[in-house]
Amino acid sequence: MIHCRVFIIIAGIWTIGLLLSTESQADENLVEIEVPQALFAGLHHFLDLAEPDKSNAFDPKKVAGVMDFINQPGKEAALYYADNILDTPSAYYEFDIHENLKNIVAYAYNPDIPEIATMPSSMRLLYWLDTRKKRQSAPRIGQYLDRLDSPVVVNGLLHMEIAPDTHSGAYYAYNMHQTVLLFKYRQRNILVIASKQEDVSTVGKKGYVLGADDDWDYLYTGIPGLTLPALGWVKSYMYGSSGITIYDEVDPVAGKVRCAVFKWLRAGWSGINMVRRKHIYSGLKRFAKPMKEILEYPTLPSVESMVDNFSRIKGFSEDILRSKMQIYSRILQNRYDRGKGHAKKLPASLFKDKNHWAQMSRDEMESALVIEYMKYAVGKTRPDEVEELLDLK
């Protein structure tokens, strides 16, 4: 009985903590509305395409209800959900990117630009795997946009590791089955990413959001647990997640793309799901904000410039990357080891522990440089602050 009471109390703390991590009180007060049943068949069809054991052919007619829904006005005042599709908590979020789809794909879905570059507060690692689960290049889907006479379907498996949660600090790694769709709907170009988590994630590990989440500064300890007081011991997992991300080029002339995301998620510990719809909604906003900020940034470096810079980072030897991490650790320490603002919440010994720097893999070191470059690209850091780290010329 005592054990049960303790678990209930802890579960309550976890839920409250996740609610506190939402962006604003306004999100808390959103009325929750189930999506119309007219969408169910289309959502099922998109998700079935991401199932590795199914061989369904894509039929644009089956998703008409979904496509019509995402362009209906007046959805901002509600949190829409589709729990019944997978019997899992879910949420829907939409936002507009004032750019044409071809440029969005050139930056966000270009095998020569790391996909994390436009998702800096959501992802630490993201890359495609071959049938032996070895890393491989992402597909060049941009080549199909000028000749979409018939739908294009690309299937694959991705490995990803997400950024730390803004409250619990937990971050997870897992594989996702993913299907990329390109097709036309009412003469508009459409890009859809449908995904399904392959298996339970690795155990949640302690990560720190060093400043405001908009600063994109995170520290990954590699130590299992949460960063919440008295809950450092908790072994949490992502049990399952699925998603549908739709880019609808509603105005190719003016440059406007509606991005709509449906997300289903189960996570917690001891097999108990602790996720609520508002947690998912908050996470979708966290994904959307930097993507929009980056892709709409007026002086964003050209695709060619980014490719050159990321190619240089990829060409660094492991010894050079290790030396870069020493520079990077000093930069973070200068930014946050001062006991001011958000830094007051950080453990006093955080920057003295060098284990996490020494244990970083090549992918993790490159990821840190990619995110730091993106901060420089959109004016979040001064060139003189990072020129040694990034070899700026």
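Here the label points at N71 and K133, each 7 Å from Cα along the C-beta direction, are separated by 4.2 nm in the simple model. This model, with +1 at the C-beta of Lys and Arg and -1 at the C-beta of Asp and Glu, gives the chain a dipole about its Cα centre of some 800 debye. Annotation for E387 and S329: the two label points, set 7 Å from Cα along the Cα-Cβ direction, are 2.5 nm apart.
State to the nearest 20 debye the size of the charge dipole of the stretch 231-321 about its Cα centre, where the only charges are +1 on K and R beta carbons and -1 on D and E beta carbons.
It works out to roughly 820 debye.
Per-peptide packing, taken as the mean over residues of other Cβ atoms within 10 Å, places 136-142, 382-388 in the sequence 136-142, 382-388 from highest down. Each Lys or Arg adds one and each Asp or Glu subtracts one; over the other residues with Cβ under 13 Å from the Cβ of T88, this totals +3. Each part reduced to its alpha carbon centroid, the stretch 109-144 and the stretch 32-84 end up 25 Å apart.
Computed over every Cα-Cα pair of the stretch 182-225 and binned at 10 Å starting from 0, the pair-distance distribution P(r) comes out as 20, 22, 27, 21, 10, 0 percent.
Taken about its Cα centre, the stretch 245-393 carries a charge dipole of roughly 1140 debye when the Cβ of each Lys and Arg holds +1 and the Cβ of each Asp and Glu holds -1.
Within the chain, helices built from complete DSSP H runs that reach 20 Å or longer along their own axis (Cα positions) and carry a mean Kyte-Doolittle hydropathy of 0.0 or higher are 2-20.
Listed by chain and number, the lysines whose alpha-carbon sits under 17 Å from that of K380, ignoring those within fewer than 8 places in the same chain, are K289, K292.
Once both labels are positioned 7 Å from their Cα atoms along Cα-to-Cβ, the gap between A173 and I33 label points is 4.2 nm. May I ask you to derive the FRET efficiency for W233 and I272 from their Cβ-Cβ distance with R0 = 22 Å, giving the value to the nearest 0.05? Computed FRET efficiency for W233 and I272 comes out at 0.85. Full extension of the segment from A57 to D83, taken as 0.36 nm per residue of separation minus the current Cα-Cα distance, would add 6.9 nm. At a Förster radius of 30 Å, what calculated FRET efficiency corresponds to the Cβ-Cβ distance of E296 and D112, to the nearest 0.05? So, using R0 = 30 Å, E works out to roughly 0.90. Considering helices alone, the calculated mean residue ellipticity of the chain at 222 nm is -10000 deg cm²/dmol, with DSSP H runs of length four and up weighted by -39500 (n - 2.57) and normalised per residue.
Distance from the alpha carbon centroid of the stretch 154-194 to that of the stretch 256-290 works out to 12 angstrom.
Rule-based calculations on the coordinates, nothing more; no lab input. As the structure is a prediction and not an experimental result, all values here were calculated from the model. Cβ coordinates were reconstructed from backbone atoms using ideal geometry, including for glycine residues, and neighbour counts include every protein chain displayed.
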